[in-house]
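The values are calculated or read from the model by the stated rules, or taken from the named source; none is laboratory data. From a predicted model like this one, the values you see are computed outputs, not experimental measurements. We place every Cβ from the backbone using ideal geometry, glycine too, and count neighbours over all the protein chains shown.
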Amino acid sequence: MMSERIGIITQARTTSTRLPGKILRQANGRTMLEHHINRLGWSNLPVYIATTLNDMDEPIVELAASRGWAYYRGDEANVLDRYYQCAKQSGLNTIIRVTSDCPLIDGRLIARGLVEYLASDHKFLYYSNCIERTFPRGLDFEIFPFGLLEEAFMNATTPAEREHVTPYLYQNKSSSAVIKHLKYQTDYSHIRWTLDTLEDWSLLNKLFVEYNAAGLGFESLIEVMISNPRLMQINSDVKQKEL
């Protein structure tokens with residue numbers, strides 16, 4: 001089944017409400033987006049950046065072009081449409097969805113999840129590590145077939161379903177999805193490696209600069225966090241925005 005057309009699509013924009021331009025902030029000479037894409041490369045899967053037609057996102061396109069990254073530009077608000085068109089244009093029949101505000105994402109964890117996804121014989125499987133959360137926030141991925149994405153594209157109606165791409169799938173609005181979860185043996189969901197606020201940025205920058213995080217897998221990063229309680233405190237008060 002590995003001959004299937006499988007790809008990672010990451011959504012990227014600069015107009016974040018809480019921390020505009022966050023994915024273009026730098027640590028150790030690389031933008032957060034570069035760290036993100038480099039670590040996705042550990043999966044050995046093709047990666048596509050789904051960005052927007054907004055002129056504010058031209059720097060993302062310029063960076064992608066300079067690095068030879070594949071990208072697609074689409075509707076800013078309707079992210080579901082952006083994913084669908086990117087997947088269709090790229091000829092993907094299995095999509096792995098991630099978001100670019102996760103500079104410490106782990107491509108090897110994604111590859112592990114993909115093996116388990118492909119071992120299932122159900123053609124409408126939705127598989128993720130972020131609905132029943134045990135992994136640190138910032139390692140999130142979702143895997144699903146193009147057929148489910150197309151169903152959501154055709155039938156999702158609410159603004160939240162169009163903006164956040166997958167609620168129609170994991171809430172099983174159509175009853176056709178089989179939903180499975182990848183869980184870690186220990187609950188580390190209180191650890192936060194996503195980038196939404198200045199506090200998040202402070203932690204991530206420290207990890208990249210002082211702890212060589214760019215080359216560390218997620219389990220080594222967990223050890224760093226557990227061994228340094230002060231790191232945990234930097235963004236412990238940040239709340240995730242509700243859908």
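State the number of residues belonging to the stretch 164-199 that are of a type in the set (Ser, Thr, Tyr), touching a helix residue (DSSP H, G or I) at 6+ places or on another chain (Cβ under 7 Å) and at pLDDT 95 or above.
Of the residues in the stretch 164-199, 2 are of a type in the set (Ser, Thr, Tyr), touching a helix residue (DSSP H, G or I) at 6+ places or on another chain (Cβ under 7 Å) and at pLDDT 95 or above.
Here are 116, 132: which of them is out of contact with any helix residue (DSSP H, G or I) (no Cβ under 7 Å at 6 or more places or on another chain), charged (D, E, K, R), over 13 Å from residue 47 (Cα atoms) and assigned to a helix (DSSP H, G or I)?
Working: 132 fails: assigned to a helix (DSSP H, G or I).
After applying the criteria, what remains is 116.
Scan the stretch 91-110 and tell me whether some residue there is without any contact (Cβ under 8 Å) to a residue 12 or more places away in the chain and either of a type in the set (Gly, Ala, Ser) or touching a Leu at 6+ places or on another chain (Cβ under 9 Å) (or both). Write out each step before concluding.
Of all residues in the stretch 91-110, those without any contact (Cβ under 8 Å) to a residue 12 or more places away in the chain come to none.
There is no residue in the stretch 91-110 that is without any contact (Cβ under 8 Å) to a residue 12 or more places away in the chain and either of a type in the set (Gly, Ala, Ser) or touching a Leu at 6+ places or on another chain (Cβ under 9 Å) (or both).
Among 77, 70, which is the only one that is more than 30 Å from residue 211 (Cβ to Cβ) and at pLDDT below 95?
On the way: 70 fails: at pLDDT below 95.
Just a single option satisfies the conditions, and that option is 77.
To keep it simple, each residue is scored yes or no on (1) farther than 23 Å from residue 178 by Cα; (2) of a type in the set (A, V, I, L, M); (3) under 11 Å from the mean Cα position of the chain (by Cα).
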position	(1), (2), (3)
96	no, yes, yes
110	no, yes, yes
117	no, no, no
138	yes, no, yes
142	no, no, yes
155	no, no, no
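Which residues, taken from the stretch 201-238, are touching a strand residue (DSSP E or B) at 6+ places or on another chain (Cβ under 7 Å) and at pLDDT 95 or above?
Start the filter on the stretch 201-238 by keeping residues that are touching a strand residue (DSSP E or B) at 6+ places or on another chain (Cβ under 7 Å), which leaves 204-205, 208-209, 235, 238.
Across the stretch 201-238, the qualifying residues are 204, 205, 208, 209.
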